[in-house]
Amino acid sequence: MSNPNPSPSAAPRWFAWLAVVALLVYSCFLGAYFTPVAGGSDSSGYLNAARLLARGQITAPMRDFSGLTASSATQFQPLGFIAEPARQRLVPTYPLGLPTHLAIASTLFGWTIGPLLVGVGAALAAIVLMYAIAREWAIAWPLAAAGAVMLGVFPVTIFIAIQPLSDVLATTWVLAAIYAALRARGSPRWAVATGVALSIAIFARPTNVLISPAIAALLSVGWRPFITAVIGGLPGALLLLATNAHLFGSPWRMGYGSIFEAFDIAYFGPTLLHFGKWLGLLLPGLGLFFGFISFGFSRASLRNRIALALWFFTPVIFYAYYEVSGQTWWCLRFILPAVPALILSALFTLDYFLALHSRTVRMASALLAIWAIGLSVFWTREFHTLLSKTYEQAYAEIGQWSHDHLPANTVLLTNNDSGALYYYTSFPILRWDQMSTAEFTQHAAHLTRSDRPLHLITTEAEENHVLTQRIPARWEKITTVAQRSIWRYNGPATTP
């Protein structure tokens, strides 16, 4: 048997129809607010890499910077890339798991519908897998449904699911690996599926390797499931290592560079408090309480409790040392793949206390689901989460305007818009934030001698700082588009 737990009572037929309708409504909600825009560093990085993969490329040739020399290659790299002038190529910064999904979907359905299908599809799959895992663990169906709702309406889930970002996809593949591991006892096919799903999860986000101890705990019923899972994951692991070697010169290096420079014990305490605060505010507090006590007390077997604890605490402790994790509420995205473990732990505890009272189970489940939805509505409005479509669309607007109105041999000088401008135009991109005033003056003089127009694109909020302190010159303002100012370089600053 694949499941050693007692067989849970089946959900009534009406619930299946209700679930289908709820998922359709949820998918329409996400689809209405999804924005397939190459915006800031993350979304533009993923979409730029996806477009390369769709063209059969893994790196991009550097655009024409002939005659320009710089003290740092970062002056030539749009956000989401690493510039290698010696090899005349740009290397994608981010892992290629999400770009691969985007490339496949966008090749089939286009670059508007394709990313939407990946984003919404990953969220729907996560919800279904959350329910399936709870049922595999013999948790009562109303509580399993409540847990699926809690994950689906979690504000971080919604915030990520409506953008081309990797966190929900990474969570979905972690859930797939956990579900397969639960069914792998006595089934070689599910053991292979466990390894495949985990390798894809790691390909989407390398730190998902932190889930491996939890998977190992679930497979610890014998050596055969474990070995079979390793065999299933081996092709994906080899592909990841080969990709890293090709892109970054070592199988063990990634595009983030030496990320451990951003890790320090000083961040640990404040970040744990940050995680606890926002998990407590964004999830039903009662569920959070039951989740924590479940790690030491529930009807779950010792193996399952160990797996849940490893699943939750390993990523949380790891990211508690990371300087970025405690910056804002949506930095919970880093531990999003671990959040289902906390929810499932709460379900275990509630199921333990309420299992003999079916009516109470349904009432408690309905309360949890309504509580989670109410919190989601409140915080989504408070954080203006659904306005991200408006904010992100500005990147596409400035990119399209630049493509349509600037001369073909233009060089663009920008910063935060660099990844988006690389995606929407064919212009070479220079980063003003990576150069000194003297280097800018040299670049501008060379471009003038080469009869190549230089245009600056900057937000209205930062233009005074940029124009007067970073790159002073004679600039002529052309227009304003999507809260960005476009300026034409007309020569060096005049000396008083």
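Please treat every number below as a calculation from the coordinates, not as lab data. Given the structure is predicted, the values throughout are model-derived calculations rather than measurements. Positions of Cβ are generated from backbone atoms using ideal geometry, with glycine treated the same way; all protein chains shown enter the neighbour counts.
The table below gives the values:
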read-out	value
D (Stokes-Einstein, µm²/s), Kirkwood Cα radius, the stretch 37-128, 0.890 mPa s at 25 °C	173
Rounded tilt (10° steps) of 302-320 against the dominant C-alpha axis of the chain	20
Angle in degrees between helix 13-33 and the longest Cα principal axis of the chain, rounded to the nearest 10	10
Potential lengthening between ASN490 and THR448 on full extension [0.36 nm per residue; Cα-Cα distance subtracted]	14.2 nm
The stretch 49-85: trypsin sites (Lys or Arg not before Pro) falling in loop per DSSP and having at most 13 other Cβ within 10 Å	ARG55
Computed lengthening from GLU323 to ALA73, 0.36 nm per intervening residue step minus Cα-Cα distance	87.5 nm
Alpha-carbon centroid distance for the pair the stretch 429-496 / the stretch 136-199, whole angstrom	48
Computed [θ] at 222 nm, helices only, for the chain once each DSSP H run of length n ≥ 4 contributes -39500 (n - 2.57)	-19000 deg cm²/dmol
Cα convex hull of the stretch 389-492, projected area averaged across orientations, nm²	5.9
Angle in degrees between helix 268-282 and the longest Cα principal axis of the chain, rounded to the nearest 10	70
FRET E, pair ALA366, PHE109, Förster distance 30 Å, beta-carbon r, rounded to 0.05	0.20
Directionally averaged shadow of the stretch 157-216, computed from the convex hull of its alpha-carbon atoms, nm²	4.0
Inter-label distance for ASP64 and ALA242, nm, one decimal - labels placed 7 Å from Cα along Cα-to-Cβ	3.6
Per residue Cα convex hull volume in Å³ - calculated over the chain	153
Chain lengthening between GLU460 and THR479 when straightened (0.36 nm per residue, less Cα-Cα)	5.7 nm
Amide H within-cut-off set for ILE478, under 5 Å, with H built and near neighbours excluded	ILE486, TRP487, ARG488
Counting DSSP beta bridges with both ends in the chain, the antiparallel % (nearest 5)	75
Hydrodynamic radius (Kirkwood) for the stretch 74-213, which is based on Cα pairs only, to one decimal in Å	16.5
DSSP-defined antiparallel bridges as percent of all bridges, the stretch 389-492, nearest 5	65
